[in-house]
Amino acid sequence: MRKATATMMAVAMLATAGSTFAAQQKAEHQTTAKKAAERTYTARGTVKAFDETTNTLTISTAKGVEETFMIGPKANLREGEKAIATSDFAKLAGREATVRYMESEGKKHAESVMVSTRVSAKPAATSGTEKPKPTGEPAKKY
């Protein structure tokens with residue numbers, strides 16, 4: 001009788017350990033998949049526009065591509081070291097910005113937006129004409 005009870009206890013312990021191991025493997029797989037889905041990206045560019053009705057910020061990258069980000073209520077918004085509100089984006093057009101975001105269902109959701117305190121220095125647009133050449137005597141070389 002003791003052998004039968006010991007055998008039944010051993011089988012029960014092995015069954016419990018096996019199901020616990022399988023549950024841990026499944027949880028690890030779900031955590032890995034969730035981390036892959038929650039990858040954070042970074043975009044840098046110039047603030048172009050902010051739409052208050054949809055809470056979307058549009059920036060233009062150095063390559064000339066315009067990217068649009070949804071700004072959620074938990075997003076960290078800063079101008080330099082100062083915290084700002086979404087309503088402040090309207091007056092920040094033309095400033096350099098760095099956006100940390102996550103992609104979900106084809107949309108970019110901003111986690112944080114850091115706007116520089118100075119306006120970006122862009123070269124003045126030219127009309128495509130040459131500058132007039134100076135007239136007069138050439139400079140003397142010594």
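Could you check how many residues of segment 46-56 are within 14 Å of Glu96 (Cα to Cα) and either of a type in the set (Val, Ile, Thr) or under 12 Å from the mean Cα position of the chain (by Cα) (or both)?
Of the residues in segment 46-56, 2 are within 14 Å of Glu96 (Cα to Cα) and either of a type in the set (Val, Ile, Thr) or under 12 Å from the mean Cα position of the chain (by Cα) (or both).
Mind counting the residues in segment 83-103 that are touching a residue at least 60 places away in the same chain (Cβ under 8 Å) and over 15 Å from Ile59 (Cα atoms)?
To start, the set of residues in segment 83-103 that are touching a residue at least 60 places away in the same chain (Cβ under 8 Å) comprises 100-103.
Applying the additional criterion that residues be over 15 Å from Ile59 (Cα atoms) yields 102-103.
Residues meeting the conditions: 2.
Looking at Gly80, Gly45 in this structure, which one is out of contact with any His (no Cβ under 9 Å at 6 or more places or on another chain), under 19 Å from Thr117 (Cα atoms) and touching a residue at least 40 places away in the same chain (Cβ under 8 Å)?
Numbers: Gly80 fails: touching a residue at least 40 places away in the same chain (Cβ under 8 Å).
Result of the check over Gly80, Gly45: Gly45.
Any read-out appearing in this document is the output of simple, stated calculations on the displayed coordinates, not a laboratory observation. Only a predicted model underlies this, so the values are computations on that prediction, with no experimental measurement involved. Don't worry about glycine lacking a Cβ; one is built from the backbone with ideal geometry, like all the others, and counts go over all protein chains shown.
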